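These notes are about the structure you will find just below.
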Amino acid sequence: MTMPEQTPEVQLREEFNRWAQAGRGEEMEESHLPIVEPTLALMDLQPSDRVLDMGCGSGWLSRRLAARVPNGSVVGIDVSDEMIHRAQLASTGIPNVQFLHGTAEEIPAPPDSFAKVLSVESAYYWHDPGRGLSEIFRVLQPGGSAWILINYYRDNADCHQWQAHFQTPTHLLSAAEWQELYRAAGFREVTHQRIPDRSPTPGVYTGLWFRDAAQMQRHKTEGALLVTGVKP
């Protein structure tokens, strides 16, 4: 009997469940902080903001956001139920954060729920980025803003080889293509910028994602892509 083909959501959930079980969710905090901290500084978070962390993984960013909005709240959403389980366990005692299983294409929240939406290193995994941005637009309050931060994008040639190591389909889009998706979803004041990673680079690189330390440094200097837009 032929097994039915897995949907993109199931593929992604199973892959990130494996990541969670391998402890990779916790590793992301250290590797992503050099680009996340400058982004948080740009977001002008207010103490009473309600914030969505789309693709929250093990919840490390949601917890940081919760500390910045003490009179507000944070909702972390991830396709991986194992990541959500780990995020909940690690966030016990933080009253203004909660975690829900869901996808960018079907966000489990009513319209006009959030002042800001942040997604870090998640958007290129969405099986339908245009639909994901339309959902983010739906759940944002008027005047609310969406912030997508990614290290994998077409304009940075030193990440293109990552495709060979991904276990699920991904989207290698340019800054211009991401901006067009924002505009098609209804966003205005759409902009993009680069966020360099200024953390130290090892003299010798032996990991999976780069050929050598020189390529890793070029990628970090070029920076992550940050795309933003406002809901009118």
Net charge near Ile84: determine it from the other residues with C-beta under 12 Å of the C-beta of Ile84, scoring Lys and Arg +1 and Asp and Glu -1. -2
Furthest towards positive pole of dipole, Gly143, Thr201, Cys159, structure part the chain, Cβ charges: Gly143
So what is the calculated 222 nm ellipticity per residue for the chain, using -39500 (n - 2.57) for each DSSP H run with n of 4 or more, over all residues, to the nearest 500 deg cm²/dmol? -11000 deg cm²/dmol
Percent antiparallel among DSSP beta bridges (both partners in the stretch 8-230, rounded to 5): 40
Using a 10 Å cut-off around each Cβ, can you sort His85, His192 from fewest to most neighbouring Cβ atoms? His85, His192
How would the chain be classified by its alpha-carbon gyration tensor: rounded, prolate or oblate, with rounded meaning a/c under 1.5 and the a/b versus b/c comparison settling the rest? rounded
Which of His160, His101 has the fewest Cβ neighbours within 10 Å, and the rest in rising order: His160, His101
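No value in this document is a laboratory result; all are computed from the given coordinates. Because the structure is a prediction, the values reported are computed rather than measured. Positions of Cβ are backbone-derived with ideal geometry, glycine not excepted, and every protein chain shown enters the neighbour counts.
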